[in-house]
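Below is one structure. I have some questions about it.
The values are calculated or read from the model by the stated rules, or taken from the named source; none is laboratory data. Fair warning: this is a prediction, and the values are worked out from it, not measured in the lab. Note: ideal-geometry Cβ built from the backbone for every residue, glycine included; neighbour counts use all protein chains shown.
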Amino acid sequence: MDWKDKLDLLYDSNPELDRNDRFEEVKDVKKTGKQQLRIELDKRNGKPATIISGFEESDEELKELARALKIKCGSGGSARGGEILIQGDFRKKTADFLLETGYKVKKINFS
């Protein structure tokens, strides 16, 4: 019995698991709000970091937006305290993504 057979047994023994739902889809983060978010570049330990601040929604929505931004940029980051930090200089990508989703963007330190 190999690992695939064992996995099939797991799915057969638990009716709540669906074989087709192994990966979660990224939720569409369309917002109709008119919040103005600030995008700026900062140095953290000598490395560039894109910081998005001014978010006034719940922490759950903040984390959803941060997850979508991290996937869009292909980078790591964090979300806490009404602020999203994306590792690297992704000011242009984040500004474009936020404008597409309905946010107003105030660009700081853009060249």
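Of all residues in the stretch 62-111 being among the hydrophobic types (A, V, I, L, M, F, W, C) and in a strand (DSSP E or B), which is surrounded by the fewest Cβ atoms within 10 Å (Cβ to Cβ)?
L85
Please give the number of the condition E24 fails out of (1) at pLDDT below 90; (2) not in a loop (DSSP other than H, G, I, E, B).
Every condition holds for E24 apart from (2).
Within the stretch 56-78, how many residues turn out to be without any contact (Cβ under 8 Å) to a residue 40 or more places away in the chain and within 18 Å of K92 (Cα to Cα)?
10
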